[in-house]
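In what follows, a structure is listed as structure tokens, so that the remarks can point back to it.
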Amino acid sequence: MSKPDSVDLSAFTVPGTGRGVFDVFGYRYLLRLLVRKGILTRYHGSALGWAWSYVKPAAQFLIYYLVMGVFLGLNRGIEAFPVYLFSGIVVVNLFNEAFGNATRSIVNNRALVKKIYLPRELFPIADVFIAFVHFLPQLTILIAVCLFSGWAPSLVQLAGALLAIVIILLIATGLGLLFGSINVTFRDSQNLVELILMFATYTSPVLYSFQMVENKLPPWLFDLYMMNPVTAAVELFHSAFWFPTTSGSAARPEHLWLISALAIVIAIVALVVGQLVFRRLEGRFAQDL
Amino acid sequence: MPRTSEPPLPRIIIEGVRKTYTLRHTHSFKETFVAWLRRKKVSTSFDALQHIDLTVGESEAVALLGYNGSGKSTLLKLVSGVLRPDRGRVLTRGRVAGLIEVGAGFHPDLSGRENVYLNAAILGMSKTEIDARFDEIVEFSEIGEFIDTEVKHYSSGMFVRLAFSVAIHTELDILLVDEVLAVGDAPFREKCKAKIRELVAAGKTLFIVSHDLSMVAELCSRGLVLRRGELVYDGAIDDAIDQLKAITR
């Protein structure tokens, strides 16, 4: 038998090791098919199909509008409150869907994870893409409503909206990798995430304005509140969609670009931490599932 | 050793590999706490594999034999990369494709065609490779006109034939097979065997786990016998089968 030491090992690879999220680029075609599968099977067997992607946010919007705007009277002081509400809701919906699905993705794909080696980052990342595709109908409704209300955004504002989407996708991927890998061993993780998602709607200025928070909180706590990347994304969306439909007298957060830059940094840090933890735990996936 | 022509480079190198499983006996904080109070062990570990040394060359058809719990599947999963060794190292050269539980990536709500593409991609093929082999895959599976039907309407035989056909048509250098040849009817099994022989003749490496000794004897030239995580025999397939029959679990 040949001694392994005497063999040229340069042509060999260690099975089960990859380059993490970078491997996903090499598996672009599979990623595309996984996203396609997620989209095709999402509303499989339902008569309304993709109409549900329009019905659900519309119903959600209606309930918030009735409760927050009409019953609680939060719309006083916020011009064009329905547009304000909806432009925030879609951002939080994107975050919730992307983060929530990514967290469960490894456990949901256990049949594959246990049998065949693939860069496992593919599954959470595919789920984030699927969430993005489901975000598009909501964005379409938002744009339609805005156009109806005389929307004329500047290029800078539109760039801000794009930046907001990037922030949300990055942070959802990072947190999804982190909580998704922990979820394999401790299913507590997905329950914790559900809790976080429940808070997400309320810890960002979606149902109220940031000024209401500024008036109640001490400055350092308010700064902390504004450092939440989801808050930055929500405010970027407000600036892009809601603000141009108003008379332009509403107050906008100071240093919105600075806050957004910070959000990008936080999102990247989350991605790096998520990836590191994921790689650390990945070796145990097949035996813990 | 029955190998007459030693190939210049092996396909699989397994060096001093050990795999230990940790079994947790508690599944909640409460159970952990109670176990801790009673000074019971929270987990036990057992060695699924201990110190395995092995080299497999090109064009070799190797059978892994052993009774349940001997560590066969664990060894196969280490080679495929699904599991990582706790000690030692596993090295492979070329593309590894696993015929491990065929159909793991099949989605019942998608058509046969979409499942073929999805699964071939999961097994590492590119779009152009799948396009080039698609007709061959469908023909081998004998699915015919049902290829555009949703897989959930397939009979179990059709399902398995299609899944197997995808796996065996992937571009590969090392083929890992785990107990899947027991599927399908006799004619289809014969076809699969012929296909596997064709692959081995083309220089591919075959690593197979099976309890079907007569089939293994037909397909493989070399046999490895595992017993409680230890490699107890490595040699010609017929001798390996005799060895297996002689040992106890």
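A simple charge model with +1 on the Cβ of Lys and Arg, -1 on the Cβ of Asp and Glu and nothing else charged puts the dipole of the stretch A:51-288 at about 640 debye relative to its Cα centre. By the Kirkwood approach, averaging reciprocal distances over each pair of separate Cα atoms, the stretch B:12-246 gets a hydrodynamic radius of 19.3 Å.
For chain A, which span is the longest to avoid every loop-located (per DSSP) member of GluC sites (Glu not before Pro) having at most 16 other Cβ atoms inside 10 Å? No qualifying site falls inside A:80-253, the longest such stretch. Between residue B:194 and residue B:128, the FRET efficiency from the beta-carbon distance, with R0 = 35 Å, is close to 0.85.
In the stretch A:51-288, taking the dipole from charged Cβ atoms about the Cα centre, the farthest positive-side position among A:234, A:177, A:257 is held by A:177.
Given R0 = 25 Å, the distance between the Cβ atoms of residue B:148 and residue A:28 translates into a calculated FRET efficiency of 0.45. Normalising the average separation of contacting C-alpha pairs (under 8 angstrom, six or more residues apart) by the number of residues puts the relative contact order of chain A at 27 percent. For chain A, take the longest principal axis of its alpha carbons; what is the angle in degrees between that and the long axis of helix A:28-42, to the nearest 10 within 0 to 90? For A:28-42 against chain A, the angle is about 60 degrees.
Think of each Lys and Arg Cβ as +1 and each Asp and Glu Cβ as -1; about the Cα centre, that makes the dipole of the stretch A:198-280 roughly 320 debye. Relative to the dominant Cα principal axis of chain A, helix A:122-148 is inclined by about 20°.
A simple charge model with +1 on the Cβ of Lys and Arg, -1 on the Cβ of Asp and Glu and nothing else charged puts the dipole of the protein assembly as shown at about 1420 debye relative to its Cα centre. Straightening the chain between residue A:289 and residue A:268 buys 4.7 nm, computed as 0.36 nm per residue apart minus the Cα-Cα spacing. Between the listed residues B:14, B:207, B:130, the Cα displaced farthest toward the positive end of the dipole of the stretch B:12-246, a dipole computed from Cβ unit charges relative to the Cα centre, is found at B:14. Distance between the 7 Å Cα→Cβ label points at residue A:197 and residue B:24: 2.2 nm. Under the simplified labelling scheme, the residue B:31-residue A:144 pair shows an inter-label distance of 5.0 nm, with each label point 7 Å from Cα along Cα→Cβ.
Set the bar at 25 Å for Cα to Cα. Now go through B:41/B:245; B:72/B:195; A:56/A:115; A:115/B:72; B:30/B:77; B:19/B:195 and name every pair that lies beyond it. Please report the intermediate quantities before stating the final value.
Details: B:41/B:245 37 Å; B:72/B:195 23 Å; A:56/A:115 36 Å; A:115/B:72 14 Å; B:30/B:77 33 Å; B:19/B:195 33 Å.
Check vs 25 Å cut-off fails for B:41/B:245; A:56/A:115; B:30/B:77; B:19/B:195.
Relative to the longest principal axis of the C-alpha atoms of chain A, give the angle of the C-alpha long axis of helix A:52-64, reported between 0 and 90° and rounded to the nearest 10°. Approximately 40 degrees, to the nearest ten. Counted residue by residue at 0.36 nm each, then reduced by the alpha carbon distance between them, the extension gain from residue A:17 to residue A:110 reaches 31.7 nm.
Per the Debye formula on identical point scatterers at the alpha carbon atoms of the stretch A:51-288, with no solvent, log10 I(q)/I(0) at q = 0.12 Å⁻¹ is -0.68. Computing FRET efficiency as 1/(1 + (r/R0)^6) for residue A:67 and residue A:214, where r is the C-beta to C-beta distance and R0 is 35 Å, gives about 0.90. Here is how the number arises for chain B: DSSP H runs of 4 or more residues each give -39500 (n - 2.57), the sum is divided by the residue count, and the result at 222 nm is -11000 deg cm²/dmol.
Between residue B:61 and B:206, B:221, B:222, the built amide H atoms are under 5 Å apart, and every one of these is 5 or more places off in sequence or on another chain. Estimated purely from DSSP H runs of n ≥ 4, each contributing -39500 (n - 2.57), the mean residue ellipticity at 222 nm for chain A is -22000 deg cm²/dmol once divided by its residues.
Under the simplified labelling scheme, the residue A:54-residue A:155 pair shows an inter-label distance of 3.2 nm, with each label point 7 Å from Cα along Cα→Cβ. Using C-alpha pairs under 8 Å with a sequence gap of at least 6, the mean separation divided by the residue count of chain B gives a relative contact order of 27 percent. Antiparallel beta bridges, as assigned by DSSP with both residues in the stretch B:12-246, represent about 55 percent of the total such bridges. A dipole drawn for the stretch A:51-288 from +1 and -1 charges on Cβ atoms has a positive end, and of A:117, A:128, A:78 the residue lying farthest that way is A:117.
Rounded to the nearest Hz, the phi-derived 3J(HN,Hα) couplings of the stretch A:8-15 under the Karplus curve 6.51 cos²θ - 1.76 cosθ + 1.60 (θ = phi - 60°) are 6, 8, 5, 7, 9, 10, 8, x, where x marks glycine and proline.
Where a number appears in this text, it was derived from the coordinates with a stated rule and is not lab data. Here the structure is a predicted model, which means the values were calculated and not measured. Glycine also receives a Cβ, built like all others from the backbone with ideal geometry; neighbour counts cover every protein chain displayed.
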